[in-house]
Amino acid sequence: MEKLMFFGAGQAYRNLRNKVEFNFEKVEIVGLIDNDKSKQGIVMDGMSVYSPKEALKLNYDYIIVLGLYAGEMESQLISEGVDKQKIVKPSELNSHAHWFKARELNVFCSNKTMSDTLVNQRRHPIVLFSSLIYAGGPLALLRMAMILKKNGYDIIVVVKENGPALKEYLDADISVIIDPNIRIGIIPERTWIDNASVIVLNGLHAAPFISGLPSNIPIVWWLHDPEEYYVRMGFDFESLNLDNVDVYAVSDRAWEPLNKRFPYLNKQLLRYGIPTMKIYDNPERFTGKLVFAVLGKVHSIKGQDLFLEAVAQMSQEKRAQCEFWVIGNMEDKFADELRQKATEISNFRFMGEYDREGINKLYAQISVVVTPSRADMLPTVTVEAAMHGIPSIVSENAGTVKFINDGVNGIIMKSNNTRDLASKMEWAVEHRCELQQMGEASKAIYKDFFTINIFEKNVLNIIEKKLNKHS
């Protein structure tokens, strides 16, 4: 029986225990470790929390490091004399599958649950690993799956947990397998994987899957992630064997952290495509109060705090001619702090979260979309705004800045520079005719680069190339 300890007794530890069930016939958890002195000496889940020095006196086989600072924890343990081979990061748990009890999967197709046996009988499906949330990367893969289904391919989508996008897959007659075992990168032996003609991995979190997948099945890996996510994940990317993997990034910006770790890869880009949305006309978009809006997940990386600070720096005269909207989920600490700071600006509004139709109707009221992101690989809101003829102010750190001709079809702001953003919004208030002309010019961004037809052509080329190469 192997003896384990956890380094990090905070939320990351709690999240892991909620995700997995340990097989206590094969492992014993002997204690928790934390640098926080207020936690040392207390009992959690029936186990004592130790300081690192005290914990290392215990008999153990492995220490699992948890949290955003797993890399620093690993370095600390090594400096204390711990053998690196005894340190396990979350992204390496798939190498220790025997520690965990396998969980049952659920298989859905056409709104009906079906058995794993029936899925196993399918020959040569394309298997896509994703998630069922409404966010940039998963939405892009949903559209990819629909394109492949429409073109006659048999599609199976694999996710770790249920989510709101399940209905859209089922309505498109696409099978969905909810397999909780992949929460920690464990790929159990499944006939439907062995039968796959191509496997598509979506996003950086799929990196641990690569070593566990059959080496004879071609893999497409589509990445949308900023440098921060690579660092936070703490995974040894350089150890991956990508001989059988075609890697694509969603933008030039998304290729940069990838190229840093895999400089030998040839640059390959796959931009997403967006279906045409219903357009609600608003002839008063640029004549009444201008509405500046930031749309998307409310998070520091998206820069809503920079937007708020820039609004506060505008002259009162210009600010009074505008409204400022934040559209997105407001349920975390960052959002709470943002709400408290905005109390003194009466025309700064938190609109909450909307479904797709609700967002479409809001676009009719928006004059300028603001993307002040600190890092954003290819924000869809810029493209959606262009479809609606709405000009955007885009951070130079956003991937869509490549498609902006500053002052012609949009406005580029300096990254992390609230004074610059404030001046750009003040300019917009004073130049409404030019702003309207920018909106008209921005429509070409969508038509020339991001239509669903362009995306369909590119997806089919990639899949057909993979299939022909391995036929």
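The values are calculated or read from the model by the stated rules, or taken from the named source; none is laboratory data. Remember, predicted model here, so these are calculated numbers, not experimental data. Please note: Cβ atoms are built from the backbone with ideal geometry, for glycine as well, and neighbour counts cover all protein chains shown.
So the values come out like this:
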{"read-out": "T380 vs. criteria modelled with pLDDT under 95 and either under 16 Å from A310 (Cβ atoms) or surrounded by fewer than 20 Cβ atoms within 10 Å (Cβ to Cβ) (or both)", "value": "yes"}
{"read-out": "Contacts under 8 angstrom Cβ, first residue in segment 306-329 being farther than 15 Å from E344 by Cβ, partner of a type in the set (V, I, T) and part of a helix (DSSP H, G or I), 6 or more apart", "value": "L306/T418; K318/V429; Q321/V429; C322/V429; I327/I359"}
{"read-out": "All positions within segment 343-362 that are modelled with pLDDT of 90 or more and of a type in the set (S, T, Y)", "value": "T343, S346"}
{"read-out": "Of residues in segment 218-266 being assigned to a helix (DSSP H, G or I) and among the acidic types (D, E), the one nearest to T380 (Cα to Cα)", "value": "D252"}
{"read-out": "So Y50, is it over 24 Å from F235 (Cα atoms), hydroxyl-bearing (S, T, Y) and crowded, with 18+ Cβ neighbours inside 10 Å", "value": "yes"}
{"read-out": "Residue in segment 405-415 that is part of a helix (DSSP H, G or I), under 29 Å from V250 (Cα atoms) and touching a residue at least 40 places away in the same chain (Cβ under 8 Å) present", "value": "no"}
{"read-out": "Candidates S395, S373, S442 - the one that is hydroxyl-bearing (S, T, Y) and either out of contact with any helix residue (DSSP H, G or I) (no Cβ under 6 Å at 6 or more places or on another chain) or free of Cβ contacts under 8 Å to residues at least 12 places away in the same chain (or both)", "value": "S395"}
{"read-out": "Set G212, G185: member being touching a Leu at 6+ places or on another chain (Cβ under 7 Å), within 28 Å of S239 (Cα to Cα) and at pLDDT below 85", "value": "G185"}
{"read-out": "Residue match in segment 47-56 (condition: within 30 Å of the chain's Cα centre (by Cα) and in a strand (DSSP E or B))", "value": "no"}
{"read-out": "Residue within segment 280-297 that is part of a loop (DSSP other than H, G, I, E, B) and among the aliphatic types (A, V, I, L, M) present", "value": "no"}
{"read-out": "Test: A386 is in contact with a Gly (Cβ under 9 Å, 6 or more places away or on another chain) and part of a helix (DSSP H, G or I)", "value": "yes"}
{"read-out": "Residue in segment 268-280 that is outside the structural domain of M377 (by TED's automatic domain parsing), among the aliphatic types (A, V, I, L, M) and more than 23 Å from T451 (Cα to Cα) present", "value": "no"}
{"read-out": "Single residue of V82, V30 found to be surrounded by 14 or more Cβ atoms within 10 Å (Cβ to Cβ), among the β-branched types (V, I, T), assigned to a strand (DSSP E or B) and touching a Leu at 6+ places or on another chain (Cβ under 8 Å)", "value": "V30"}
{"read-out": "Residue count for segment 60-79, restricted to those that are β-branched (V, I, T) and part of a helix (DSSP H, G or I)", "value": "1"}
{"read-out": "Hits in segment 19-53 (condition: touching a Lys or Arg at 6+ places or on another chain (Cβ under 7 Å) and closer than 12 Å to G8 by Cα)", "value": "V49"}
{"read-out": "Residue within segment 358-366 that is in a helix (DSSP H, G or I), without any contact (Cβ under 8 Å) to a residue 24 or more places away in the chain and within 21 Å of A140 (Cβ to Cβ) present", "value": "yes"}
{"read-out": "Condition broken by I462, with the remaining ones in (1) assigned to a helix (DSSP H, G or I); (2) closer than 26 Å to N397 by Cα satisfied", "value": "(2)"}
